[in-house]
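S.K.: Below is one structure. I have some questions about it.
The values are calculated or read from the model by the stated rules, or taken from the named source; none is laboratory data. Treat the numbers as computed from the prediction; the structure is a model and nothing was measured. Backbone-built Cβ (ideal geometry, glycine too); neighbour counts: all protein chains shown. Just the protein is used for accessible areas: all its heavy atoms, side chains included, with ligands, DNA and RNA removed. Shrake-Rupley method; radii C 1.70, N 1.55, O 1.52, S 1.80 Å.
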Amino acid sequence: MREGVKFSLAYLAGFFDGEGSVGIYSNGQVTGHGLKIQITQNDSTYTRELFEHLRATYGGRFDTQRTLSGNLKLNFQLNGDNASEFLRGIVSLLRFKKKQAMFAMEWALTRPRRIRGAKGRYLPRSIDALVKDRRASLTMKRLKRESFVKG
């Protein structure tokens, strides 16, 4: 990062409010759903600095992708607890994605933790847990539609 470049929580919240996405997405039929936030931007020095800051502060990753027009874009992602931590830091400053962020954090906080079996692999979730995850995913989609329509 350039000397003196610092990204405040207010800046991160505003940037995420305009350019970010929060969702509860399926991880597969037996493992349920997971929390994910994502920000996609055109590739630039400034965007790389911002994404490096996010990665150093919250974890996650970003990669480069080519758009249909041949330009490069950067895609930053945070999952699970790292995504929750990021949202906790900015939720009070959000305007458009506040309901989505609050719902996602509550869902992540109240859902049962995944359990590993004797061989270290995650055990399948119960049918009840899978149904709750699916409902949460559908609720998040509804919240996104509502915020898009209302602005």
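S.K.: Would you tally the net charge around Ala13, using a Cβ to Cβ cut-off of less than 13 Å, leaving Ala13 out, and scoring K and R as +1, D and E as -1?
M.R.: Values: positive: Arg88, Arg95, Lys97, Lys98; negative: Asp17, Glu19.
Overall, the nearby charge balance is +2.
S.K.: Per residue of the stretch 91-100, in order, report the coupling 6.51 cos²θ - 1.76 cosθ + 1.60 (Karplus, θ = phi - 60°) as ³J(HN,Hα) in whole Hz, putting x for Gly and Pro.
M.R.: 4, 5, 9, 6, 10, 8, 10, 4, 4, 4
S.K.: Taking amide H positions as placed in the peptide plane 1.01 Å from N, state which residues far from Asn27 in sequence (5 or more) or on other chains have amide H under 5 Å from it.
M.R.: Excluding prolines and chain starts, which carry no amide H, the hits are Gly32, His33, Gly34.
S.K.: With a 1.4 Å probe and all protein chains left in place, how much accessible area per residue does the chain have, in Å²?
M.R.: Working: 9460 Å² over 151 residues.
Accessible area per residue: 63 Å².
S.K.: Phe15: accessible area at probe 1.4 Å, nearest 10 Å²?
M.R.: Only protein atoms counted, so the area is about 40 Å².
S.K.: Within the set of other residues whose C-beta is less than 10 Å from the C-beta of Gln41, count the net charge using Lys and Arg as +1 and Asp and Glu as -1. Let's see the in-between values first.
M.R.: Values: positive: Arg48, Lys73; negative: Glu19, Asp43.
Cβ neighbours under 10 Å give a net charge of 0.
S.K.: Carbon and sulfur atoms: what percent of the 1.4 Å accessible area of the stretch 96-151 do they account for?
M.R.: Numbers: 2630 of 4370 Å².
The nonpolar share, carbon plus sulfur, comes to 60 percent.
S.K.: Using a 1.4 angstrom probe on the protein heavy atoms only, line up Lys141, Lys36 by accessible area, largest first. Display every interim value, and only then the final one.
M.R.: Values: Lys141 100, Lys36 55 Å².
Descending order: Lys141, Lys36.
S.K.: Could you state the angle between the C-alpha long axis of helix 80-90 and the longest principal axis of the C-alpha atoms of the chain, as a value from 0 to 90 degrees rounded to the nearest 10?
M.R.: Compared with the principal axis, the helix lies near 50 degrees.
S.K.: Quick one: grab the alpha carbon gyration tensor of the stretch 68-110, order the square roots of its eigenvalues as a ≥ b ≥ c, and give me rounded if a/c is under 1.5, else prolate or oblate depending on whether a/b is larger than b/c. Display every interim value, and only then the final one.
M.R.: On the way: a/c = 2.78, a/b = 1.93, b/c = 1.44.
Cα axes put the stretch 68-110 in the prolate bin.
S.K.: What is the sum of charges, Lys and Arg at +1 and Asp and Glu at -1, for the other residues whose Cβ falls under 9 Å from the Cβ of Lys97?
M.R.: Local net charge: +3.
S.K.: Could you give the angle, 0 to 90 degrees to the nearest 10, between helix 9-19's Cα long axis and the longest principal axis of the Cα atoms of the chain?
M.R.: 80 degrees
S.K.: Also, quick follow-up: With a 1.4 Å probe and all protein chains kept in place, how much accessible area does Tyr46 have, in Å² rounded to the nearest 10?
M.R.: My reading of the accessible area for Tyr46 is about 90 Å².
S.K.: Right, next: Let me confirm the definition first: pairs of Lys residues in the stretch 97-151, 8 or more apart or on different chains, C-alpha distance under 29 Å. How many are there?
M.R.: For the stretch 97-151, the number of qualifying lysine pairs is 17.
S.K.: Using a 1.4 angstrom probe on the protein heavy atoms only, line up Thr139, Thr64, Thr45 by accessible area, largest first. Numbers along the way, then the final one.
M.R.: Numbers: Thr139 40, Thr64 65, Thr45 95 Å².
From most accessible down to least: Thr45, Thr64, Thr139.
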